[in-house]
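Student: Just dropping this structure here.
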Number of protein chains: 2
Amino acid sequence: MNLLKQIQIVLVETSHSGNIGSTARAMKTMGLSHLRLVSPKQSIDEQAVALSAGAKDVLEQAQIFNRFDDAIADCQLIVGTSARLRHLQSSLIEPRACGELAMQRAKQGKVAIVFGRERVGLTNEELLKCHYHLNVPTNAEYGSLNLAMAVQLVSYEIRMAWLNLTKNMQNDQQNLPLTENTNISYPSAESLAHFFNHTERLYRELGFIRNDAVMLKLRRLYQRCELETAELNLLRGMLTAVEKGLNK
Amino acid sequence: MNLLKQIQIVLVETSHSGNIGSTARAMKTMGLSHLRLVSPKQSIDEQAVALSAGAKDVLEQAQIFNRFDDAIADCQLIVGTSARLRHLQSSLIEPRACGELAMQRAKQGKVAIVFGRERVGLTNEELLKCHYHLNVPTNAEYGSLNLAMAVQLVSYEIRMAWLNLTKNMQNDQQNLPLTENTNISYPSAESLAHFFNHTERLYRELGFIRNDAVMLKLRRLYQRCELETAELNLLRGMLTAVEKGLNK
């Protein structure tokens with residue numbers, strides 16, 4: 001089961017159809033596909049389709065509800081978003097924790113993430129129907145997050161949690177560390193030692209190296225960047241080019 | 001010092017002024033204020049101001065540059081964003097790690113996060129001037145992230161890292177101070193450009209460099225290891241030592 005399919009993005013009484021389109025695009029970039037609209041003020045019009053870019057399918061599959069309660073009826077976890085959160089201290093949750101929680105709970109059932117009206121957010125009555133209240137830690141002096149931007153941030157955190165979960169599941173199955181960048185070749189310690197000796201010999205001849213400090217610094221530098229074989233060959237080629245130049 | 005002030009959001013040849021306005025709004029919600037524009041295709045017009053909502057001040061303070069190099073010249077860490085990242089495997093970074101890195105490096109100097117053109121992103125030449133390449137882990141089937149949305153995500157991760165850092169610093173002050181790497185200095189993009197030019201000049205003279213491939217590899221190598229100022233000075237000293245040897 002793709003857990004992302006369990007996530008329902010719910011927009012309540014959205015005023016601007018452009019925001020619905022941008023929301024669809026934001027969702028799809030993060031792999032979410034289920035959009036629910038509660039009494040939108042504008043229909044899914046040209047403006048919505050234009051701003052959805054390639055995410056028209058999300059708009060076409062969007063479900064429209066007259067009542068908030070119907071839009072969340074089949075969901076087992078409801079998270080509501082609002083900037084007005086005076087009396088909701090105990091149920092506040094930030095996007096990162098929200099993403100993790102949503103993925104945990106998606107194993108059992110549908111999860112609704114609810115976004116309120118552009119200007120006034122969710123009503124107190126609606127907020128009270130939510131298990132958690134999402135709070136994006138915005139600038140205290142300017143917290144004016146656009147609706148679709150808020151959807152983008154939460155969808156991103158849901159995707160990050162999903163990717164982590166998927167990675168952990170694969171690790172569990174294979175019981176092996178994930179190997180990255182498997183097509184890059186790295187030199188042996190011996191090749192690296194040859195390179196350092198070659199460098200030291202040449203720059204001692206040139207009178208540049210007079211004590212151990214230089215080689216210590218170079219070792220530290222090249223070991224930190226984990227030289228690849230191709231890069232080591234290049235650097236050795238440069239040493240040889242200098243030697244040839246000097247012997248002319 | 002407010003570390004968020006060190007972050008420079010750089011937009012390269014943006015086509016739509018609306019995206020500049022939305023970017024300003026996205027930045028300000030996360031407490032960022034420094035916007036740099038490289039040859040924008042449209043000026044900061046009514047559309048930009050309208051979409052910036054209450055973030056007009058960010059637009060008013062935006063700096064405009066003709067050349068990419070000038071826009072990043074005083075920055076010590078450059079992160080470029082692009083969806084086209086085939087050959088950049090080793091320098092890829094995700095938004096979360098990018099936020100943490102940006103905050104660590106903001107202690108020493110300015111940090112540029114660079115966003116390319118709406119349709120074609122950054123050029124290869126521009127990407128090669130970046131230490132890291134930001135990759136948002138989007139839906140493999142649909143990665144069409146709007147420009148301002150990408151800025152929003154990265155700005156959010158920078159803010160999250162900043163909030164964590166601020167929290168930790170408060171803890172440190174109360175308990176035990178253990179600050180790492182505070183005395184490392186990093187070179188500016190301009191100093192790094194001088195080093196690459198110097199290297200290319202010398203090894204072309206030696207007949208070792210005959211095409212662009214060598215410099216591409218060297219740039220990639222030294223940008224990946226985030227050369228420190230002391231290391232850069234050492235490498236430049238080595239170039240000078242070779243030149244002296246050749247002129248004897």
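Quick note: the coordinates plus some simple rules give every number you see, no bench work behind them. From a predicted model like this one, the values you see are computed outputs, not experimental measurements. Neighbour counts run over all protein chains shown; Cβ positions are idealised from the backbone, glycine included.
Student: Mind checking which of B:PHE195, B:PHE65, B:PHE208 has the largest fluctuation in a GNM of chain B, springs on alpha carbons under 10 Å?
Tutor: B:PHE208
Student: Please report the equivalent ellipsoid semi-axes of the protein assembly as shown, computed as sqrt(5 x eigenvalue) of the Cα gyration tensor, largest first, in whole Å. Please report the intermediate quantities before stating the final value.
Tutor: Working: eigenvalues 462, 114, 90 Å².
Semi-axes from the Cα gyration tensor: 48, 24, 21 Å.
Student: Along Cα→Cβ, 7 Å out, is where each label goes; now give me the distance between the ones at A:LYS244 and B:GLU125 in nm to one decimal.
Tutor: The answer from the label model is 2.9 nm.
Student: Please order A:ARG204, B:ARG119, B:ARG105 by the number of other Cβ within 10 Å, starting at the fewest.
Tutor: On the way: A:ARG204 13, B:ARG119 6, B:ARG105 23.
Final ranking by Cβ density, sparse to dense: B:ARG119, A:ARG204, B:ARG105.
Student: So what is the relative contact order for chain A, in percent, with contacts set as C-alpha pairs under 8 Å and at least six apart?
Tutor: 20
Student: With both partners inside the protein assembly as shown, how many of the DSSP beta bridges are antiparallel, as a percent to the nearest 5? Display every interim value, and only then the final one.
Tutor: Values: 2 of 48 bridges.
Within the protein assembly as shown, antiparallel bridges account for around 5 percent of the total.
Student: Can I ask one more? What distance in nm lies between label points placed 7 Å from Cα along the C-beta direction at B:LYS107 and B:SER15?
Tutor: 4.2
Student: Something else about it: At 0.36 nm per residue, and after removing the present C-alpha to C-alpha distance, how many nm does the segment from B:ARG201 to B:ASP45 gain when stretched out fully?
Tutor: Numbers: separation 156, 0.36 × 156 = 56.16 nm, distance 4.40 nm.
Once the chain is fully extended between B:ARG201 and B:ASP45, it gains 51.8 nm.
Student: Given B:THR81, A:LEU101, A:MET27, which one lies farthest toward the positive end of the charge dipole of the protein assembly as shown, if we put +1 on the Cβ of every Lys and Arg and -1 on the Cβ of every Asp and Glu?
Tutor: B:THR81
Student: Work the Kirkwood hydrodynamic radius out for chain B: mean of 1/r over every pair of different alpha-carbon atoms, inverted, in Å.
Tutor: 19.3
Student: Quick test of your reading: applying the under-4.7 Å Cβ rule, which cysteines of chain B are isolated?
Tutor: B:CYS75, B:CYS98, B:CYS130
Student: While we're looking at this one, here's another question. Given the DSSP H assignment, sum -39500 (n - 2.57) over each helix run of at least 4 residues in chain A and divide by its residue total; what's the result at 222 nm in deg cm²/dmol, nearest 500? Walk me through the numbers before you get to the answer.
Tutor: Details: 10 runs with 123 residues, N = 248.
Computed mean residue ellipticity for chain A: -15500 deg cm²/dmol.
Student: Taking the beta-carbon count within 10 Å as an exposure proxy, list B:SER22, A:SER188, A:SER39 from fewest neighbours to most. Could you put the intermediate results ahead of the total?
Tutor: On the way: B:SER22 27, A:SER188 10, A:SER39 14.
Lowest to highest Cβ neighbour count: A:SER188, A:SER39, B:SER22.
Student: By count of other Cβ within 10 Å, fewest leading, how are B:THR81, B:THR123, B:THR14, A:THR240 ordered? Write out the running numbers ahead of the final one.
Tutor: Details: B:THR81 27, B:THR123 16, B:THR14 23, A:THR240 13.
Going from sparsest to densest Cβ surroundings: A:THR240, B:THR123, B:THR14, B:THR81.
Student: Right, another one. Assuming 1.002 mPa s and 20 °C, estimate D for the range B:118-248 with Stokes-Einstein, Rh taken as the Kirkwood radius over Cα pairs, in µm²/s. Write out the running numbers ahead of the final one.
Tutor: Working: Rh = 18.7 Å.
The calculation lands on 115 µm²/s.
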